[in-house]
Amino acid sequence: MNNAFLITSTIGKDYGVFSLEERFNQLLETIISINEYCSDSDIFLFDTSKNELEQDKLEKLENLCSLHFVRNDPLINQANNVKERYVDSNEPWNYTENKTVSEIRIMQLFLDYIKKQDKKYNRIFKITGRYKLNDNFNLADHMLNKNKAVFISNKDYCGVDSMNTRFWSFDYSMLNIIIQMINRVCIATLVELNKTNTFSIIEVSFFKEIISLKIPFIYIKTLGIEGKFALSGNEINE
């Protein structure tokens, strides 16, 4: 059995400091890096872009991965009408269209899709589009932790316990409990939306539900990914 990589993406959207062309090229680097560092993998790109990609870009992606567009989803449409507040209120990009529900919804749809397939995998990885694996990525950090989810610690984020969701993985044997966890995060997010017109932070919700469901997990020191934060252009290396 090989591994599966989910790339979450909204590549056809003018979001942050990078142009659409830059965002697309960064996404290509994501896919290329997976093929370089974890070649025996099936790559699935789930993208919530509302606008159609140009034909040449579409063909490039279709040649590199299994491409799935999520359009006119009612939960995502509802979320995009709400502004998401980022941690540092002094930053000019403090309020942006919400990405929390989009990311959770993609994971719901992907995991449901995977469960319906005949093919099984050793491990399932989730990576945010535009980030890429680098020389510090160690596949053994994930493969040797069978029956556990693997994260990098995100303890200081917002001053509370949380899970870094930029890149993480779980053993295929855990598929059902991970689906349950993702569904609970989505429900909690929507409850918060209906009550306060704001969102709970996905990283915090992940931690709460993983602890609540007693999902086995382990923190590793280095993920081996790099990229640039969309809203500021700041370098990320984890």
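The values are calculated or read from the model by the stated rules, or taken from the named source; none is laboratory data. Every value quoted in this text rests on a predicted model; they were computed, and no experiment measured them. Positions of Cβ are generated from backbone atoms using ideal geometry, with glycine treated the same way; all protein chains shown enter the neighbour counts.
Got a number for residues in the range 30-72 being basic (K, R) and part of a strand (DSSP E or B)? Total satisfying the criteria: 0. Restricting attention to the range 30-51, the residues being more than 19 Å from I76 (Cα to Cα), out of contact with any Phe, Trp or Tyr (no Cβ under 8 Å at 6 or more places or on another chain) and either surrounded by fewer than 18 Cβ atoms within 10 Å (Cβ to Cβ) or modelled with pLDDT under 90 (or both) number 5. Considering the range 52-68, the residues that are hydrophobic (A, V, I, L, M, F, W, C) and modelled with pLDDT of 90 or more include one that is nearest to R105 (Cα to Cα), namely L67.
Scanning the range 3-29 for residues that are assigned to a loop (DSSP other than H, G, I, E, B) and exposed (fewer than 13 other Cβ atoms within 10 Å of the Cβ) turns up D14, S19. Counted as qualifying within the range 109-192 are the strands (runs of 3 or more DSSP E) with 1 or more residues that are farther than 15 Å from I7 by Cα and not hydrophobic (A, V, I, L, M, F, W, C), namely 167-171.
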